[in-house]
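Heads up, the thing below is written out as structure tokens.
The values are calculated or read from the model by the stated rules, or taken from the named source; none is laboratory data. Note that the coordinates shown come from a computational prediction; the quantities given were computed from them, not determined experimentally. Methodologically, a virtual Cβ is constructed for each residue, glycine included, from the backbone with ideal geometry; neighbour enumeration extends over all protein chains shown.
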Amino acid sequence: MAYFSKAIIAFLFVIYLITLVESQTQPQSQPQSQPQSQPQSQPQSQQQSQTQSQSQVNCPATSSISSNEPTRKYIVTLDSSSDKASHYEMLKQCYNKTVVNNPNARTTSSTCKDVSFGVLNCYIGQFRPSDASSLSQQPGVQSVEADSIFTIVSPYYRNNARGNGPNVLKFPLDIQLNIDHNQKPKDNNHNQNAQHNHNDNSRTKPTETSDESSIIPAPSVAAFRNRRPRVTTTTQPATTTKPATTSAPTTTPISSGSCSNYATEASAPGNLDRIDQQSSTLDGTYSYPNDAGSGVDVYVIDTGIYPGNQEFGNRVGNGVFYCSGCTSSADDNGHGTNVAGIIGGSTYGVAKQCNLIPVKVCDASGSCQNSDIISGLSWAANQHSSSSAKKSVINMSLSGGTSSALNNAVQSCIDQGMHVAVAAGNAGANACNYSPSSAPNAIAVGATDNSAAITSFSNYGSCVNIFAPGSGITAAGNSGPSALSTYSGTSQASPHVAGTVALLISNSGNVPPSQMVTNLDNLATQNAVTGNIHGSPNRFLRVPHC
């Protein structure tokens, strides 16, 4: 019994000790648990919130490429049905970039420029190639295309005695071709990195050298294909064909039927004499409608226009320049002034009363950035939209590698009712492998010599719509009020067509661009072009006639 009592006392003593220990440790454990639990729960809630925010805008995973990777300029085209506002918010949250809707804005590491117009949703910005690749995977992105170099497409020119400077200059014609990863690679690349300095058969190649005549290698990463299945408007230049046109009679009159409505220029330049008649025997005159393109605005996407040349009177309007590295809108090359002179010069021009609007996108060397060209088209399209008359023609005497972004911009201009004439290019190759000549509804123009034979340098094929004079074409120069310059190239063929479109608009009224192409085809002299035209339509330009 005594043993049992001692055991009970020992048990109760142990219970007492346990209770005493718990009472002493309880106040200390509470403060420790609170600081540990609250700081841990707060960061977890913040991380969940951030994760939810990022998932809402679909930010891509962190790139494995170093942040020191240099940036490049890219042209991003969105699907026409995409939510542009949501996409721009994604750019802000995921790429730390703000998009500004200012045509004069400069792209920076944090600022992109919106160049959208019509149905075209497009912006230009600077990205690391790895970021551009991830951007191409975002919903609503049609293409992400690296900026590339285009060039004015005249092999060379000769200044006449009334102009200043050297008598003969070599003209650079080196095209940096854009690799478009929105199309399938081709085994036959048509030697696209070869020298494209072709010369007219009837002239002697200049002997002077130029620092600008070296080939600029194409970028290793020029565009990123959006790999998700989607329906896009991206063209496939290797198989591009222009919409077929017929020679069926058009409901729009293309001649007045009375020569009293026409003027005649005596002792006309041979190129003008050649396009006002079907006969290959020239009569020395140029007959054209009295309206002469009056009231029609022709936007010259080029090196600018020298407005002081007497060929233009007071018809050169206020233009704009989107030329990277250029400091003014002055034509410091001469190419744009010559092109404008062919379109609307008073003596050497097709449409002698049209308005000429310079859109400078090419520098003094004749080099043009694709992003600047698209910016220029955007400006011209907005000017057209704000015009009450809406009688607008665009001439693009430049060329480069296939660019879905540029072709889409050209198409957006056409969709707004603008007529777009473009040079076929001077590579002596398939025009479908170049832009803007591969733009399906642009009027691509090949070049002929004085005898209506295709020149050795002219591009050709199903993407060519029509041929026009492009050999030794004299028109206004940029060195003084009476200066003249002589160029050869599809650059000179295209403005003949732009001027003819201006004549048709002022003489017969404006029509949709597709109808204008039909009108040009119906006016054209059929089967007049000689030489190997490589499947091109055999149509030679003719102006409206009585």
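Residues being in a helix (DSSP H, G or I), closer than 16 Å to Pro512 by Cβ and of a type outside the set (Ser, Thr, Tyr): count how many of those fall in segment 383-413.
Of the residues in segment 383-413, 4 are in a helix (DSSP H, G or I), closer than 16 Å to Pro512 by Cβ and of a type outside the set (Ser, Thr, Tyr).
Give segment 277-307 a look and list any residue that's at pLDDT 95 or above, part of a loop (DSSP other than H, G, I, E, B) and among the charged types (D, E, K, R), or say none.
Asp291
Being in a loop (DSSP other than H, G, I, E, B) and of a type in the set (Val, Ile, Thr) is the filter here, so list the residues in segment 343-382 that pass it.
Correct list: Thr347, Val350, Val361.
Report whether or not Lys92 is under 16 Å from Ala409 (Cβ atoms) and of a type outside the set (Phe, Trp, Tyr).
Spelling it out, it is not the case that Lys92 is under 16 Å from Ala409 (Cβ atoms) and of a type outside the set (Phe, Trp, Tyr).
Among the listed residues Asn519, Asn527, Asn532, identify the single one that is over 25 Å from the mean Cα position of the chain (by Cα), within 24 Å of Asp297 (Cβ to Cβ) and among the polar types (S, T, N, Q).
Step by step, each of Asn519, Asn527, Asn532 is checked, and only Asn519 is over 25 Å from the mean Cα position of the chain (by Cα), within 24 Å of Asp297 (Cβ to Cβ) and among the polar types (S, T, N, Q).
Which pairs have Cβ atoms under 8 Å, sit 6 or more apart or on different chains, and link a residue in segment 73-90 that is over 13 Å from Gln142 (Cα atoms) to one that is of a type outside the set (A, V, I, L, M, F, W, C) and assigned to a helix (DSSP H, G or I)?
Close Cβ pairs (under 8 Å, with a partner that is of a type outside the set (A, V, I, L, M, F, W, C) and assigned to a helix (DSSP H, G or I)) amount to Lys73/Ser371.
Every residue, every condition in (1) under 25 Å from Lys390 (Cβ atoms); (2) surrounded by 21 or more Cβ atoms within 10 Å (Cβ to Cβ), yes or no:
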{"site": "Gly477", "(1), (2)": "no, yes"}
{"site": "Ser482", "(1), (2)": "no, no"}
{"site": "Ser488", "(1), (2)": "no, yes"}
{"site": "Ser494", "(1), (2)": "yes, yes"}
{"site": "Ser506", "(1), (2)": "yes, yes"}
{"site": "Leu520", "(1), (2)": "yes, yes"}
{"site": "Thr530", "(1), (2)": "no, no"}
{"site": "Phe540", "(1), (2)": "no, yes"}
{"site": "Pro544", "(1), (2)": "yes, yes"}
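Quick one: Cys326 ticks every box in (1) buried (at least 23 other Cβ atoms within 10 Å of the Cβ); (2) within 20 Å of the chain's Cα centre (by Cα) bar one, so which box is it?
The failed condition is (1).
Just the residues that are touching a Phe, Trp or Tyr at 6+ places or on another chain (Cβ under 6 Å) and either assigned to a loop (DSSP other than H, G, I, E, B) or under 13 Å from Ala364 (Cα atoms) (or both), please, taken from segment 308-331.
The answer is Ser329, Asp331.
Taking the stated definitions as given, is Ser458 small (Gly, Ala, Ser), touching a helix residue (DSSP H, G or I) at 6+ places or on another chain (Cβ under 7 Å), part of a loop (DSSP other than H, G, I, E, B) and modelled with pLDDT of 95 or more?
Here the answer is yes, as Ser458 does meet what is asked.
Taking segment 260-276 as the region of interest, how many residues are of a type in the set (D, E, K, R) and part of a loop (DSSP other than H, G, I, E, B)?
Looking only at segment 260-276, we keep the residues that are of a type in the set (D, E, K, R), and these are 265, 273-274, 276.
Those still in the list that are part of a loop (DSSP other than H, G, I, E, B) too: 276.
Looking only at that region, the number is 1.
Conditions tested, residue by residue: (1) surrounded by 24 or more Cβ atoms within 10 Å (Cβ to Cβ); (2) of a type in the set (A, V, I, L, M, F, W, C); (3) not assigned by TED's automatic domain parsing to the domain that holds Pro469.
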site	(1), (2), (3)
Ala292	no, yes, no
Val300	yes, yes, no
Asn309	yes, no, no
Phe312	no, yes, no
Val316	no, yes, no
Gly334	yes, no, no
Ser371	yes, no, no
Val393	yes, yes, no
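Given (1) touching a Leu at 6+ places or on another chain (Cβ under 6 Å); (2) at pLDDT below 95, identify the lone condition not met by Gly401.
(2)
Within the group Gly470, Gly401, Gly417, Gly425, which residue is under 21 Å from the mean Cα position of the chain (by Cα) and under 20 Å from Asn338 (Cα atoms)?
Going through Gly470, Gly401, Gly417, Gly425 in turn, the sole match is Gly425.
Given the options Asn426, Asn441, Asn450, name the one that is modelled with pLDDT under 95, assigned by TED's automatic domain parsing to the domain that holds Glu311 and assigned to a loop (DSSP other than H, G, I, E, B).
Of Asn426, Asn441, Asn450, the one residue that is modelled with pLDDT under 95, assigned by TED's automatic domain parsing to the domain that holds Glu311 and assigned to a loop (DSSP other than H, G, I, E, B) is Asn450.
How about segment 483-533: which of its residues are more than 20 Å from Val153 (Cα to Cα) and either assigned to a loop (DSSP other than H, G, I, E, B) or without any contact (Cβ under 8 Å) to a residue 12 or more places away in the chain (or both)?
Ala483, Gly509, Asn510, Val511, Pro512, Ala524, Asn527, Ala528, Val529, Gly531, Asn532 - these are the residues of segment 483-533 that are more than 20 Å from Val153 (Cα to Cα) and either assigned to a loop (DSSP other than H, G, I, E, B) or without any contact (Cβ under 8 Å) to a residue 12 or more places away in the chain (or both).
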